[in-house]
Amino acid sequence: MVWSLKTNRTINYAGMERPGDPYDNETDNYKQDHYQVFFNQELTSRLKFSAGLFYIKGKGYYEQYKADEAYADYGLPEPIYGTDTITNTDLVRQLWLDNDFYGSVFSLQYKTDRSQLTFGGGWNRYEGNHYGDVVWAEKGLTLPARWYDLDANKNDLTLYFKQQAKISSLVSVFYDLQYRGVKYDLYGFQDNPGIIIKNNYNFFNPKAGLSFQKNEWSGYFSYSRGQKEPNREDFEAGIDQQPKPEKLNDLELGIEKRNAKYNFGITGYYMHYNDQLVLTGKINDVGAYTRTNIPNSYRMGVELTAGVGITSWLNATGNFSLSKNKVIDFVEYIDDYDNGGQQINRYSKTDIAFSPNMVGGATINFIPLKNAELSLISKYVGKEYLDNTQNESRKLNAYYTQDARFIYTISKKCLKELNIILQANNVFDKKYEPNGYTFSYYYGGSLTTENYYFPMAGRNFIVGVNLKF
């Protein structure tokens, strides 16, 4: 909240439902183990094959203290003390995820002097078990106390064929044809256990373009179409509010000049979305906020890059982007606690949330002596909004940060390379917030908007060592 940013930037609201001191074990405990096997084979001088298998095991929970919760909401028996039936209690609950993710990838590559063709793909399966346990209740608890136990499975098959080919000494053509088949099996949600989802999606995602290169100049033009299925949480809406896949058409045009002393480039793009999934404030059948498809939105802009070698011990690079990121005909839903239901506001064209119109960065590198490098790293992010209403009272302010990094490299016979890294972040101790969220409601005849922010650390330091054998 705004007043907390001014008076106590390091406050953490987690666990504060507990009366008195905050609950000190409101923690996220999640672990993943990764197993991978890769195989590469050169079948002929022109033909190569590669494949891989992977398995990821994840398991963990988030622990929360919740105040004045109803036993009935957790499917738990209400304690009886004499003639009194206890309906509500403070409790501690754990939200668990036990998941398995496994699959394979492969590619077959054929290369000639003027062309490169690749056929590849992959298959993976995600098996997630979502469950919740009540581990303590102030007014008494009957074990076992598991109040939901729900499975979610997802199969994903991808096949692609792509080619890069020279059609002249200056111009090349490229294309990439991708098929994705996705199958969801979702067996309920924490707040809506009765919804069973069994959806199949088939996507064709093509990309094609031209590139050229002559002397110090190069450039490209491309078109691509992408489609993506909704996330699991998006399906927690009611049966009549089920989400549709997102669709994107992307046009890009870029040109660059590069030589030993300097380089610069510019890229223009236009990205048009159909059915982009965004938070609108609309609630689903169980009162939870959910992402909703919006028919039309777009992003368009230019990206500038440059670099220069000033001397043998001094060089610099930089980038800057200007963009417009707009939602067309956006509908906002606001809870109305005075009259019940929700009030609706309509906007013809507003900025997409978390999409600054200006972003830039620059790095200056000094090499004061052999094996040593000092870098000054700058970053600028323009203002952005916490939702899609472009409301000035719901925004993140623009910010600029400055970091400094020193790297010293040692090479010995027993070591290929040893890097000692000293880095100071946010050297000017800038107070800024790059993320947050907002919600609004009508109560007592007036509109209240609550903004929550994730403030970043002030001046901080990192020491690191990298080893290469």
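All of the numbers you see were taken from the coordinates with simple rules; none came from a lab. Keep in mind that this is a model prediction, so the values were computed, not measured. Here the Cβ positions follow ideal geometry from the backbone for every residue, glycine too, while neighbour counts run over all protein chains shown.
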Unsatisfied cross-links (Cα-Cα over 32 Å) in the set K111/K207; K166/K416; K257/K370: K166/K416
Say R0 is 45 Å: what FRET efficiency, to the nearest 0.05, do V37 and V302 get from their beta-carbon distance? 0.55
Under 18 Å from the 7 Å Cα→Cβ point of L314, by amide nitrogen: which residues of segment 403-441? 405
Give me the aspartates and glutamates in straight-line cross-link reach of K214: C-alpha distance below 19 Å, same-chain residues under 8 apart excluded. D113, E256
Summing +1 for each Lys or Arg and -1 for each Asp or Glu, what net charge is found among the other residues whose Cβ lies under 12 Å from the Cβ of Y442? -3
So which lysines can K349 reach, going by Cα to Cα under 27 Å and dropping same-chain residues fewer than 8 places off? K228, K244, K247, K282, K324, K326, K383, K395
Taking the number of other C-beta atoms within 10 Å as the exposure measure, put K154, K468, K324, K413 in order starting with the fewest. K413, K468, K324, K154
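Specify whether the C-alpha gyration tensor of the chain places it in the rounded, prolate or oblate class, a ≥ b ≥ c being the square roots of the eigenvalues: rounded for a/c under 1.5, otherwise prolate if a/b is larger than b/c and oblate if not. Write down the numbers at each step before the final one.
Values: a/c = 1.62, a/b = 1.47, b/c = 1.11.
It comes out prolate by the Cα gyration axes.
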Note down the magnitude of the dipole of segment 312-469 about its Cα centre, charges +1 on Lys and Arg C-beta and -1 on Asp and Glu C-beta and zero elsewhere, to the nearest 20 debye. 1220
Label-point separation, Y380 to S348 (7 Å along Cα→Cβ), nm: 3.2
Which FRET efficiency value, to the nearest 0.05, is calculated for M16 and I196 with the Förster distance at 35 angstrom and r the Cβ-Cβ distance? 0.45
What distance in nm lies between label points placed 7 Å from Cα along the C-beta direction at V465 and I86? 5.4
So what's the back-of-envelope 222 nm ellipticity for the chain, counting only DSSP H runs of four-plus at -39500 (n - 2.57) apiece and dividing by all residues, rounded to 500? -500 deg cm²/dmol
Local electrostatic count, K31, Cβ distance below 15 Å [Lys/Arg +1, Asp/Glu -1]: -3
Which lysines have a Cα lying under 16 Å from the Cα of K31, excluding residues fewer than 8 positions away in the same chain? K57, K59
Give me the net charge for the shell around S218: Cβ to Cβ below 13 angstrom, other residues only, Lys and Arg +1, Asp and Glu -1. +1
Selection from L117, A145, Y131 lying farthest towards where the dipole of segment 108-158 points positive, charges on Cβ: L117
With 5 Å bins from 0: P(r) over segment 312-469, alpha-carbon pairs, percent: 2, 8, 12, 13, 13, 11, 9, 8, 7, 6, 4, 3, 2, 1, 0, 0
